[in-house]
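Dumping the structure here so I can ask a few things about it.
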C-alpha cells in the first residue's frame, strides 16, 4: 500500500470506525421519530422502525451495550464521581452515564492509537509510555468537559441567586406562600437556577416534602451560598420562624457577598496585568523608545 506502515492503517481504521459513535455520543439523539398520539387504522411497525435513522438502529445499541460493559468493570467510586459531574453539568440528555463511559473508552483507544501512530516506532518503551499517556488524556477528556460545564453552570447559579432571592422575598412579603412565590419566580426567571427551582416545584407537586426537594437541590448543585440558604430555610421551617424574615436576612447577606466578590475581582486586576505588561508591553515600548537612540549611538561610535 504505497509503503504505508500497517500500524498507521490500523490506527486510521480505528479512528474512522469510531467516528459514528463519537458523533452519536456528542450530538445525542436527533433523529426524527413518529409523532405520538392516536392514529386511525393499523400501525405498520416496520415503517415506524424504518423512520428511525441508521445511526440509531446500528450505533446506538452497540454504544449502549459497550457502555453497560464498561460500567461493569469501572470502579464504583469513578462512576459516582462521573454521575456527580453530570448532575453538576445539568444532567443533559446527551450525556447519560453509559454514553459518557462508552465515549471515554473510545476516546482513550483513539488517543492511544493516535499517539502510537504519530511516533512511528513499533514497540519501544518510550512509545508505549506516550501511547498510554495519550490514551489517558483521551479517557479523561470527557471528565474535563463535564467539569468545565459544571463550573460554568454553578457560576451562573451563583450570579443569579441574589436577584432570585430578592424576588422571592418581595413575593413572600407581599402575602404569597412560599410555594406560590417560588412558582412566580420560576415563571419569570431564566437560566440554570430557574430550571433547578422548577424541578423543585415538580417534586413538590408529586408529593415530595419541601425539605426533601430542597435537599435534592443541594445534591444537584455545588454553590455554598445556595446550600447555606436552603439549610437556613429548612431550619426556619422546622422551628417555626417567619419565612419572610429569613428570606430578608439571607438576601441581604447575599448582596453583601456579591459586592465583596466584585471588589475581590477588582483587586485581582492589577496582579493579572503585571505579566502581560512585563512580557508584552514593556519590550515593545523599549524597542520603540530606545531603538532609534541605540542605532544613533552605534553609528556615532562606528
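Laboratory data are not the source of any read-out in this text; all were calculated from the coordinates shown. The shown structure was predicted, so the numbers you read here are calculated from the model rather than taken from an experiment. As a convention, Cβ positions derive from the backbone with ideal geometry for all residues, glycine included, and neighbour counts pool all protein chains shown.
Scan segment 222-235 and tell me whether some residue there is surrounded by fewer than 13 Cβ atoms within 10 Å (Cβ to Cβ), out of contact with any strand residue (DSSP E or B) (no Cβ under 8 Å at 6 or more places or on another chain) and over 27 Å from residue 148 (Cα atoms).
Checked against the condition, which is being surrounded by fewer than 13 Cβ atoms within 10 Å (Cβ to Cβ), out of contact with any strand residue (DSSP E or B) (no Cβ under 8 Å at 6 or more places or on another chain) and over 27 Å from residue 148 (Cα atoms), segment 222-235 yields at least one hit.
Inspect all residues belonging to segment 88-98 and state whether any of them is without any contact (Cβ under 8 Å) to a residue 40 or more places away in the chain, closer than 24 Å to residue 72 by Cα and part of a helix (DSSP H, G or I).
yes
Given the options 262, 213, 244, name the one that is touching a residue at least 40 places away in the same chain (Cβ under 8 Å) and assigned to a helix (DSSP H, G or I). Lay out the reasoning, then the answer.
On the way: 262 fails: touching a residue at least 40 places away in the same chain (Cβ under 8 Å); 213 fails: touching a residue at least 40 places away in the same chain (Cβ under 8 Å).
It is 244.
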